[in-house]
Amino acid sequence: MRSEPSSGPGTAPPGAADEAARRGDEPLREITERFAEDLRSTLRGVLPGGVGTFAIVPEAGFPGHLVVEQEPPPGVPLAVDGLVVLRLRASFECTWDHTGRFLAVRRSSIAVAAEGTDEPLFRYDFDATSDDNVPAAHLNVHGHRDELVFAMMAAGHRLRGRARTSAVRRGRVPRVSTLHFPLGGHRFRPSFEDVLEMLVREFGLDTRPGWRAAVCAGRTRWRAVQLRAAVRDDPEGAAEALADLGFDVRPPGRSRPAAPQLPPDEQDRLEPAQSQ
């Protein structure tokens, strides 16, 4: 079940999109299209054969929200020596940020599944509206390890252990996939390019020549956007850091100090001599 939008990071207050439109800002779809094109560019630069792309669809029941998701629907095929072994599934729910001026990803999921299976092997999730029980950015690993399950059951009645204890009473054994490994929070979570590079390196995927440059370019774009968003989250801290580097930083609306005035006798020396 989806929770209602909040005014926290990555979400816009009611009417923010309309306010942005009145100010003449770019429509949400145009900005989302640029984000989707960045993802397509990474795919084209890394995977051979044009095997996948990203499309934009409206978010049902959520006006002012668009979803960027992979095509084909079963997932982008990832091949080794020409044989598809994995599927990459990714979706990004986009809206205005809390200012109503910048694109924000409200929720995202990047999942990797074995070919022919529905359950992913692992999944990178982000939810800007997450509460304290689950990290906003986290990794779920869909596997099984008896020792880990034992530790999960030993959590007792503390925090998320309460839910597990209740599930055990109903005859459900805890699954490793319900663990949420934190991954950098709202601003510093892994990018799509980080995940794709890991898949290439760890699973030996087929790639295009120059795939490293495509990954680096996409990652650089992502980090630049996240850095600017982090600055908007903490402008005072950003100003302090810039001042420490020697930059002249002034709060909005404050003009540059006026140049010091010379004493009257000094001004007289600079005035041009009057012609007789």
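Suppose we keep only residues that are in a helix (DSSP H, G or I) and of a type in the set (Asp, Glu) within region 195-211. Which one would you say is modelled with the highest pLDDT?
Step by step, filter region 195-211, then rank; the result is Glu197.
Pairs needed: first member in region 127-146, more than 17 Å from Ile110 (Cβ to Cβ); second member anywhere, in a loop (DSSP other than H, G, I, E, B) and of a type in the set (Val, Ile, Thr); C-beta distance under 7 Å; at least 6 residues apart or different chains.
Here the result reads Thr129/Thr11, each pair linking region 127-146 to a residue that is in a loop (DSSP other than H, G, I, E, B) and of a type in the set (Val, Ile, Thr).
Is it true that His144 is of a type outside the set (Lys, Arg), at pLDDT 70 or above and within 27 Å of the chain's Cα centre (by Cα)?
Details: of a type outside the set (Lys, Arg): yes; at pLDDT 70 or above: yes; within 27 Å of the chain's Cα centre (by Cα): no.
Taking the combined requirement at face value, the residue does not satisfy it.
In region 205-216, is there at least one residue being surrounded by 14 or more Cβ atoms within 10 Å (Cβ to Cβ) and among the hydroxyl-bearing types (Ser, Thr, Tyr)?
Yes.
Among (1) exposed (fewer than 15 other Cβ atoms within 10 Å of the Cβ); (2) within 21 Å of the chain's Cα centre (by Cα); (3) closer than 22 Å to Arg201 by Cβ, there is one condition Val57 misses while meeting the rest; what is its number?
Exception for Val57: condition (3).
Would a scan of region 78-88 turn up a residue that is within 22 Å of Arg201 (Cβ to Cβ) and either free of Cβ contacts under 8 Å to residues at least 24 places away in the same chain or outside the structural domain of Phe192 (by TED's automatic domain parsing) (or both)?
Scanning region 78-88 turns up at least one residue that is within 22 Å of Arg201 (Cβ to Cβ) and either free of Cβ contacts under 8 Å to residues at least 24 places away in the same chain or outside the structural domain of Phe192 (by TED's automatic domain parsing) (or both).
If I go through region 198-214 residue by residue, how many of them are on the phi < 0 side of the Ramachandran plot and among the small types (Gly, Ala, Ser)?
Qualifying residue count, region 198-214: 2.
Residue by residue, here is whether (1) outside the structural domain of Ala217 (by TED's automatic domain parsing); (2) part of a helix (DSSP H, G or I); (3) at pLDDT 90 or above; (4) surrounded by fewer than 16 Cβ atoms within 10 Å (Cβ to Cβ) holds:
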{"residue": "Ala20", "(1), (2), (3), (4)": "no, yes, no, no"}
{"residue": "Thr42", "(1), (2), (3), (4)": "no, yes, yes, no"}
{"residue": "Gly64", "(1), (2), (3), (4)": "no, no, no, no"}
{"residue": "Cys94", "(1), (2), (3), (4)": "no, no, yes, no"}
{"residue": "Ser108", "(1), (2), (3), (4)": "no, no, yes, no"}
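What number of residues within region 110-129 are buried (at least 19 other Cβ atoms within 10 Å of the Cβ) and outside any strand (DSSP E or B)?
2
The values are calculated or read from the model by the stated rules, or taken from the named source; none is laboratory data. Remember, it's a predicted structure, so these values are computed and weren't measured experimentally. Methodologically, a virtual Cβ is constructed for each residue, glycine included, from the backbone with ideal geometry; neighbour enumeration extends over all protein chains shown.
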